[in-house]
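Structure record follows, encoded as structure tokens.
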Amino acid sequence: MTHVVAGDLWRPLADALPDDVVTVDAAAVRDSVASDDPAVVVVDAATLADPAAAAVDDVRSTTDAAVVAVGATTLDADVACAATDEAAVAVAVERARHIAAYRRSVSDLYEACRERALGRPDEDVRERRQSADDQFASLPDDREAFAAALRTEADDG
């Protein structure tokens, strides 16, 4: 699922995004991401102006969703997309989906390790490790993508 946080002047980004898009008002972003647990949150910074940074902070403090900032490069987003055209937004969201998939695979691996009984082999842990390795290999091959994929909630403050 993808959430779009936008202001009153919301641009029609829906054409560039997948079918599972929920548009959220900036004031309700914390509650919305907490209840829906989206994989990606797109912050339409140009329509939010000053609240854009607050929206990113709200997302970061609530979930580990990958954050895309559209129309801004100065926000603390996982993927910055200065351009607002459909093609650029689609590419940015796809990058964020890879980042989110890797983060989720690592969380799944962590949970499998916690649930594993000491001294007992566990195929589930091996499978989840392989999945995390595969997701890591599918990340875009650049420093920003790796930094975003390895971000933790502790890094966010």
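Remarks
- Members of the range 32-43 that are small (Gly, Ala, Ser) and either open to solvent by 60 Å² or more (accessible area, probe 1.4 Å) or part of a helix (DSSP H, G or I) (or both): 32, 34, 35
- Taking residues in the range 132-145 that are under 20 Å from residue 68 (Cβ atoms), and partners anywhere that are open to solvent by less than 60 Å² (accessible area, probe 1.4 Å) and of a type in the set (S, T, N, Q), the pairs with Cβ atoms closer than 6 Å and at least 6 places apart or on different chains are 135/105.
- Single match in 68, 59, 29 (criterion: at pLDDT 85 or above, touching a helix residue (DSSP H, G or I) at 6+ places or on another chain (Cβ under 6 Å), outside any helix (DSSP H, G or I) and on the phi < 0 side of the Ramachandran plot): 68
- All told, residue 125 falls short of being assigned to a helix (DSSP H, G or I), in contact (Cβ under 8 Å) with a residue 60 or more places away in the chain and open to solvent by less than 70 Å² (accessible area, probe 1.4 Å).
- Here 46, 54, 92, 69 are screened, and the one residue that is open to solvent by less than 70 Å² (accessible area, probe 1.4 Å), touching a residue at least 12 places away in the same chain (Cβ under 8 Å) and in contact with a Ser or Thr (Cβ under 9 Å, 6 or more places away or on another chain) is 46.
- Of the listed requirements (1) at pLDDT 80 or above; (2) under 25 Å from residue 87 (Cα atoms); (3) of a type outside the set (A, V, I, L, M, F, W, C), residue 35 misses just one: (2).
The values are calculated or read from the model by the stated rules, or taken from the named source; none is laboratory data. The structure displayed is predicted, hence computed values, not measured ones. Heads up, the Cβs are rebuilt from the backbone with ideal geometry, glycines too, and the neighbour counts pull from every protein chain shown. The accessibility values were calculated without ligands, DNA or RNA, using every heavy atom of the protein model including side chains. Shrake-Rupley method; radii C 1.70, N 1.55, O 1.52, S 1.80 Å.
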